[in-house]
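These notes are about the structure you will find just below.
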Amino acid sequence: MTSSCTTACADKLNLIYFSPTSTTRRIVEQIAAGLKIDTVETCDLTHRPDGINACLSDGIAIIGVPVYAGRVPEVCLQRLQGLSAVDVPAIIVVLYGNREFEDALVELRDVVTQKGFKVIAAGAFIGEHSYSTAQQPIAANRPDQADLQQAFAFGEAIAQQLRDGIATLPGIPGNLPYKERPPLGGIAPETDPQRCTLCGACARACPTTVITVQQTVITDAARCILCCACTRSCPTQARFVNHPMVTARREMLVQNYSARKQPSRFF
Ligand SMILES: Cc1cc2nc3c(=O)[nH]c(=O)nc-3n(C[C@H](O)[C@H](O)[C@H](O)COP(=O)(O)O)c2cc1C
Ligand code: SF4
Ligand code: SF4
């Protein structure tokens, strides 16, 4: 993807996603594999604070984001701001942690449509919840093999529809106005200095670059999005979120949202 308008070849796939804990990435990669398009240009927005600056005029796109509080995360909207298209077909994908995806899919459809894409298919898949821990698992190890197979089959089915010339998006669940975003509240993971080796893996994993590792690990909580990429990437389990608000949320999720949900696909 270039920083100016591009004319991609018809057989090109633009794979665009934001994925701090990799569940979104793993699903969109499987959908891409199912499409069987040889030329794939990947734009991983997770570590691109300036986002994408491109205008697509050919090919097809997959755009994937996680669900935060039933919405498209604000950080994704910001990083997608410089993206536009001229009638390029798009497959939109949201990843949620086995609770609900609420208005995230309709929001992503609206955003992507406003950018000039023609949304032809949409999927809501399940990934291990960012707040999940070994002691309190929520959709642990998802997407698993069954999820990945469904994602691959989704890609194959869309490819067939494109060949048949019948790709149009049916109605998808979600409401207008979208549900309100709760304030993030300046909460961030903590670090156990006894376990921390100052290796810096958490800082490298952080999509908002709010971690500084010097003699200690310092986190700018005001800019933390609580994505939990740092807690997952810490090799010594020194990073954790034990704020009472998150603990209560985690308990609620374990109690009420442990039953396995299935991916939803619309095409
Ligand atoms: C701040 C925040 C809010 C979240 N809100 C929801 C939600 O409303 N519903 C849900 O099922 N999962 C929710 N999740 C879980 C993520 O959607 C889920 O873990 C997703 O797989 C993360 O994607 P990633 O691995 O690509 O980062 C939330 C996670 C975070 C960090
Ligand atoms: S990844 Fe873990 S061990 Fe490494 S600096 Fe961060 S908190 Fe410390
Ligand atoms: S510090 Fe916050 S934004 Fe950065 S990786 Fe950790 S949870 Fe995500």
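The values are calculated or read from the model by the stated rules, or taken from the named source; none is laboratory data. Quick caveat: nothing in here was measured; it's all calculated off a predicted structure. Note that each Cβ is placed from the backbone with ideal geometry, even for glycine, and that neighbours are counted across all protein chains shown. Side chains are part of the model used for accessible areas, which takes the heavy atoms of the whole protein and leaves out ligands, DNA and RNA. Shrake-Rupley method; radii C 1.70, N 1.55, O 1.52, S 1.80 Å.
Quick one: would you say Ser233 is modelled with pLDDT of 95 or more, within 27 Å of Pro183 (Cβ to Cβ) and either within 12 Å of ligand 2 (Cβ to nearest atom) or open to solvent by 20 Å² or more (accessible area, probe 1.4 Å) (or both)? Please lay out each step first, then the result.
Values: modelled with pLDDT of 95 or more: yes; within 27 Å of Pro183 (Cβ to Cβ): yes; either within 12 Å of ligand 2 (Cβ to nearest atom) or open to solvent by 20 Å² or more (accessible area, probe 1.4 Å) (or both): yes.
For Ser233, the condition - modelled with pLDDT of 95 or more, within 27 Å of Pro183 (Cβ to Cβ) and either within 12 Å of ligand 2 (Cβ to nearest atom) or open to solvent by 20 Å² or more (accessible area, probe 1.4 Å) (or both) - is met.
For Thr21, work out the one condition from (1) open to solvent by 40 Å² or more (accessible area, probe 1.4 Å); (2) within 16 Å of ligand 2 (Cβ to nearest atom) it doesn't fulfil.
Against the list (1) open to solvent by 40 Å² or more (accessible area, probe 1.4 Å); (2) within 16 Å of ligand 2 (Cβ to nearest atom), Thr21 comes up short only on (1).
Please verify whether Thr197 is surrounded by fewer than 13 Cβ atoms within 10 Å (Cβ to Cβ) and touching a strand residue (DSSP E or B) at 6+ places or on another chain (Cβ under 9 Å), treating the condition exactly as stated. It would help to see each step written out before you state the result.
On the way: surrounded by fewer than 13 Cβ atoms within 10 Å (Cβ to Cβ): yes; touching a strand residue (DSSP E or B) at 6+ places or on another chain (Cβ under 9 Å): no.
Answer is no for this residue.
Out of all the residues in the range 163-188, which are of a type in the set (Val, Ile, Thr) and without any contact (Cβ under 8 Å) to a residue 40 or more places away in the chain? Spell out the reasoning first.
Within the range 163-188, the first condition is being of a type in the set (Val, Ile, Thr), and the residues that meet it are 166, 168, 172, 187.
Result: Ile166, single match.
Quick check on my filter: what residues within the range 56-86 are under 12 Å from the mean Cα position of the chain (by Cα), over 20 Å from Val40 (Cα atoms) and without any contact (Cβ under 8 Å) to a residue 60 or more places away in the chain?
If the condition is that a residue be under 12 Å from the mean Cα position of the chain (by Cα), over 20 Å from Val40 (Cα atoms) and without any contact (Cβ under 8 Å) to a residue 60 or more places away in the chain, then Val67, Val72, Cys76, Leu77 are the ones that fit.
Tell me which of these Asn98 doesn't satisfy, since it passes every other one: (1) farther than 18 Å from Pro263 by Cα; (2) assigned to a loop (DSSP other than H, G, I, E, B); (3) open to solvent by less than 10 Å² (accessible area, probe 1.4 Å).
(1)
With the structure loaded, tell me whether Cys202 is within 16 Å of ligand 3 (Cβ to nearest atom) and touching a Ser or Thr at 6+ places or on another chain (Cβ under 7 Å) or whether it fails that test. Don't jump to the end; show me each part of the working.
Details: within 16 Å of ligand 3 (Cβ to nearest atom): yes; touching a Ser or Thr at 6+ places or on another chain (Cβ under 7 Å): yes.
Answer is yes for this residue.
Return the total of residues in the range 101-156 being among the aliphatic types (A, V, I, L, M), assigned to a loop (DSSP other than H, G, I, E, B), touching a residue at least 40 places away in the same chain (Cβ under 8 Å) and open to solvent by 10 Å² or more (accessible area, probe 1.4 Å).
Initially, the range 101-156 is screened for residues among the aliphatic types (A, V, I, L, M), giving 104-106, 108, 111-112, 119-122, 124, 126, 134, 138-140, 146, 148, 151, 153.
Those left that are additionally assigned to a loop (DSSP other than H, G, I, E, B): 134, 138-140.
Remaining after also requiring touching a residue at least 40 places away in the same chain (Cβ under 8 Å): 138-139.
Next, from what is left, pick out any that are open to solvent by 10 Å² or more (accessible area, probe 1.4 Å): 139.
Selection size over the range 101-156: 1.
All but one of (1) exposed (fewer than 13 other Cβ atoms within 10 Å of the Cβ); (2) modelled with pLDDT of 95 or more hold for Gly186; which doesn't?
Condition not satisfied by Gly186: (2).
Return the only residue of Gln81, Gln30 being open to solvent by 30 Å² or more (accessible area, probe 1.4 Å) and more than 18 Å from Ala151 (Cα to Cα). Break it down stepwise before answering.
Values: Gln30 fails: more than 18 Å from Ala151 (Cα to Cα).
Exactly one residue qualifies, and that residue is Gln81.
Would you check which residues across the range 157-178 are surrounded by 13 or more Cβ atoms within 10 Å (Cβ to Cβ) and within 22 Å of Val72 (Cβ to Cβ) and list them?
Ile158, Leu169, Ile172, Pro173, Gly174, Tyr178
Determine which member of the set Thr191, Thr231, Thr208, Thr212 is free of Cβ contacts under 8 Å to residues at least 12 places away in the same chain and within 11 Å of ligand 3 (Cβ to nearest atom).
Working: Thr191 fails: free of Cβ contacts under 8 Å to residues at least 12 places away in the same chain; Thr231 fails: free of Cβ contacts under 8 Å to residues at least 12 places away in the same chain; Thr208 fails: free of Cβ contacts under 8 Å to residues at least 12 places away in the same chain.
That would be Thr212, the only listed residue that is free of Cβ contacts under 8 Å to residues at least 12 places away in the same chain and within 11 Å of ligand 3 (Cβ to nearest atom).
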